[in-house]
Structure formats: C-alpha cells, structure tokens
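*Asks:* So that we are looking at the same thing, I have put the structure below in structure tokens.
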C-alpha cells in the first residue's frame with residue numbers, strides 16, 4: 001500500500017506520487033507534451049498517474065497507459081458537465097498524491113475546488129502549467145484562475161511569451177521551462193528518410209517536381225488556416241509547384257473545408273484529419289508551415305526540428321524561440337497571406353536554402369530534449385514537497 005503525502009516509516013525514500021490532470025487527451029500540443037514528459041519521467045523517484053476531464057477526448061490515453069502510467073477518465077460529457085469534479089476529489093482522496101499538476105486554464109480553474117474540499121493535511125501540492133497565453137483565455141476562466149493561482153505551490157510557463165502574457169503580479173513567481181519532445185523516433189526515421197519520402201509522396205499522390213508542405217495544427221481560429229489557404233491559392237496562381245497537406249481536426253472543420261472549396265484548391269491542399277504518424281509525414285515532406293495567430297510554444301515546431309525540417313511560420317508567441325528568421329526558416333507576420341506566400345515561394349524555389357535551414361533546424365532540436373525539461377519539473381516537485389514536509393514537521 002502507498003504511504004500518504006505525510007509521514008514515512010520506511011527508511012528507503014518513498015517515490016513521490018504525482019497526478020497530472022488535463023482537460024482532454026486528444027492530439028493537441030499540451031496533451032502531447034504531457035505524454036512525452038510522463039514517458040521521460042524518473043520512475044525510480046516518482047509514480048505518475050494521469051486524469052483527463054472529457055471522456056470523448058481520449059486519443060492519447062491508450063499510448064500513455066501502454067507506457068505503464070495509469071490513466072483515469074473523469075467522465076465529463078462536455079465542458080459544462082461539472083460532475084468530473086466529484087470524481088477528481090474521489091481520485092485524489094484515494095490516491096494520496098503528493099502533487100496534483102494541472103494543465104490548461106479550464107482544468108486548473110475548476111480543479112482547485114476539488115483539492116480545496118480535501119482535509120488540509122491530505123491536500124496535495126498544486127502545480128499549474130500555462131501552455132498558451134494567459135490573456136487569451138475565456139474571461140470567466142481567466143477570472144477564476146486568477147483568484148486561485150496565488151495559492152498554488154508552483155506556476156510553470158512553457159515559453160517566454162507565455163511568461164510575458166501573465167499578469168504582472170504573477171511573473172516573478174512563474175518559472176519558464178521549455179518543454180521538450182523525444183528525439184528517439186526522429187533519429188530512427190532519419191535513417192530511412194529517402195525511403196519514407198518516396199512512400200509518403202506516393203501515398204498522397206504528390207507529382208514529381210512538386211514541393212510538399214506540411215501543416216500540423218488543429219482546425220481552430222487561432223491556427224490561421226484561412227491565411228494558409230489564401231497563401232496556397234496565391235502560390236498556385238503564381239505557378240509555383242506546390243502541394244500542401246494539413247494534419248488536424250477541430251471545431252472549424254466545416255468552415256475551413258468550405259473555404260477550400262470556394263478557393264478551388266482541389267488536390268493542391270489535402271486535409272488528412274488526425275494522424276498518429278506525424279513524424280513520419282514530417283520525414284516525408286519538404287517544408288513545415290505554421291500560420292498561427294497565437295501560440296505558446298508549438299509542439300509541432302519542436303517536432304519539426306527533430307526531423308530537420310526547414311520552417312515557414314508566423315512570428316507569434318513562442319515561435320521565435322524555436323525559429324530564428326533566416327536561420328532555421330523564415331518568419332512572417334500573422335494575418336498576412338501575401339507575406340506567407342512570398343516566404344513559401346522563396347524556400348520552394350531554392351533547394352540549397354531548404355537544405356541550409358534544415359541543417360540548422362536539426363541542430364536547434366538539441367534544445368528541446370524532453371529529458372531535460374522532465375528533470376526540471378521533477379526538481380520542482382521535490383522542492384515543494386520537501387518544503388511542505390519541513391513546515392508540517394515544525395522545522396521551517
């Protein structure tokens with residue numbers, strides 16, 4: 001039986017019990033970062049479990065569980081279904097966790113309520129990671145979150161841009177940790193890149209001579225697919241030999257598909273929906289493109305660097321932390337289809353430039369190794385649990 005958060009009778013150090021809570025386990029960036037971080041965790045010192053709110057958003061649940069981490073669905077049917085709070089409280093009470101680590105504003109704003117109902121001596125420490133820009137959250141969520149964040153034991157942000165978007169009063173206590181991704185799978189794919197490139201182009205029906213662009217982002221307004229579609233239309237009209245494939249799904253699927261039809265893009269731009277072989281598609285493509293209006297620190301960009309892809313992206317949020325203009329790729333202003341098309345046309349027409357950007361991109365990926373960010377987060381867990389034990393034992 002696991003010991004509780006307080007007290008220790010075994011002379012050997014007890015592994016700290018950590019529960020990570022997130023709204024869903026779909027294929028979004030925050031969700032993939034959580035999966036990568038848990039997979040890289042120090043299992044000798046920590047016991048990890050994961051809980052997610054929305055029962056229907058479970059795309060990554062099986063993969064996390066297959067890695068040996070227990071996964072709990074909190075069973076909510078939609079965001080307005082708050083029955084998940086009772087299930088979270090029950091899980092916290094039974095699991096006797098040392099730390100509950102919330103991801104995304106909705107989850108922490110409400111999840112703190114469940115923590116607060118536990119007896120004080122049995123409450124886990126609360127850690128919150130802000131993955132995007134605080135000031136872009138829904139007003140009510142932002143208000144609830146602001147009221148409770150001061151009582152958390154730690155606040156993590158994934159980029160300097162996310163830090164700078166925090167209320168001034170929170171910035172001094174926030175710790176920037178650039179979360180990473182695993183390079184292992186990318187390394188294996190790169191040994192077969194020529195073969196994979198041929199397979200992907202054949203699968204997608206890409207003609208010889210066309211340059212293949214890959215976009216990986218959910219179909220949401222903030223991802224700027226309307227700008228990418230307009231830029232693609234401009235490239236076609238200019239006679240640029242280009243094909244674009246987009247991976248992702250989301251609430252704007254119908255709207256984006258309708259714009260695709262209106263612009264007459266046909267096979268020049270294909271929507272692939274959700275895929276579980278994103279790195280393979282990256283290895284088989286020529287250029288990575290991201291047209292976002294806002295970002296925290298895009299996981300897809302970090303993944304693209306592990307493959308050594310040249311990148312064209314909008315200069316928003318944490319993107320410049322990954323891509324330096326004219327080094328790993330080209331940065332353009334958001335909301336500007338002409339600038340996006342011009343940048344894409346430049347890299348499409350210059351294979352040597354693509355190769356130079358790709359080499360720099362691969363070198364940059366060393367900054368985003370998940371092992372390093374996982375150790376930093378685990379250091380926070382240790383520090384806050386040590387401090388709590390010291391206070392409770394009267395030595396602080």
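*Asks:* Can you give the alpha-carbon Rg of region 278-396 over 2.2 N^0.38 Å, where N counts its residues?
*Replies:* 1.42
*Asks:* Based only on the alpha carbon positions, what is the Kirkwood hydrodynamic radius of region 306-359, in angstrom?
*Replies:* 11.1 Å
*Asks:* What is the distance, in nm, between label points placed 7 Å from the Cα along the Cα-to-Cβ direction at residue 173 and at residue 375?
*Replies:* 2.8 nm
*Asks:* Still on this model: How tilted is helix 351-364 with respect to the longest principal axis of the chain? Cα atoms for both, answer in degrees (0 to 90, nearest 10).
*Replies:* The helix 351-364 is inclined about 10 degrees to the chain.
*Asks:* Gain in length, residue 39 to residue 353, computed as 0.36 nm per residue apart minus the alpha-carbon separation, to one decimal in nm?
*Replies:* 109.5 nm
*Asks:* I need the calculated FRET efficiency for the pair residue 197 and residue 116, taking r as the beta carbon distance and R₀ as 56 Å, to the nearest 0.05.
*Replies:* Details: r = 53 Å, r/R0 = 0.95.
According to the calculation, E is roughly 0.60.
*Asks:* Let me ask another. Using only C-alpha positions, report the orientation-averaged shadow area of the convex hull of region 199-279, nm², one decimal.
*Replies:* 5.3 nm²
*Asks:* Related question: Using helices alone, I'd like the mean residue ellipticity at 222 nm for the chain: each DSSP H run of four-plus residues gives -39500 (n - 2.57), total over residue count, nearest 500.
*Replies:* On the way: 17 runs with 173 residues, N = 396.
The helix contribution divided over the chain gives -13000 deg cm²/dmol.
*Asks:* Another question, then. Specify the angular offset, from 0 to 90 degrees and rounded to the nearest 10, of the alpha carbon long axis of helix 193-204 from the longest principal axis of the alpha carbons in the chain.
*Replies:* 80 degrees
*Asks:* Where does helix 225-237 land angle-wise versus the long Cα axis of the chain, in degrees 0 to 90, nearest 10?
*Replies:* Between helix and principal axis, roughly 20 degrees.
*Asks:* Based solely on C-alpha atoms, express the radius of gyration and the Dmax of region 184-368 in angstrom.
*Replies:* Expressed in Å, the Cα Rg and Dmax of region 184-368 come to 14.8, 42.
*Asks:* Could the peptides 52-61, 39-48, 115-124, 296-305 be put in order, highest first, of the mean number of other beta-carbon atoms found within 10 Å of their residues?
*Replies:* Final packing ranking: 296-305, 52-61, 39-48, 115-124.
*Asks:* Pairs of alpha-carbon atoms within less than 8 angstrom and 6+ residues apart define the contacts here; what relative contact order does region 184-368 have, in percent?
*Replies:* 24 percent
*Asks:* Related question: Relative contact order (percent) for the chain, with alpha-carbon contacts under 8 angstrom and 6 or more residues of separation?
*Replies:* Relative CO of the chain lands at 15 percent.
*Asks:* Separate question: Would you mind putting 143-149, 199-205 in packing order, based on average other-beta-carbon counts within 10 Å, highest first?
*Replies:* Descending packing order for the listed peptides: 143-149, 199-205.
*Asks:* To the nearest whole percent, what portion of all C-alpha pairs in region 128-215 is separated by more than 23 angstrom?
*Replies:* For region 128-215, the fraction of Cα-Cα distances above 23 Å is 50 percent.
Where a number appears in this text, it was derived from the coordinates with a stated rule and is not lab data. Since the model is a prediction, treat every value here as computed from it, not as a measurement. Note that we place each Cβ from the backbone using ideal geometry, even for glycine, and neighbour counts take in every protein chain shown.
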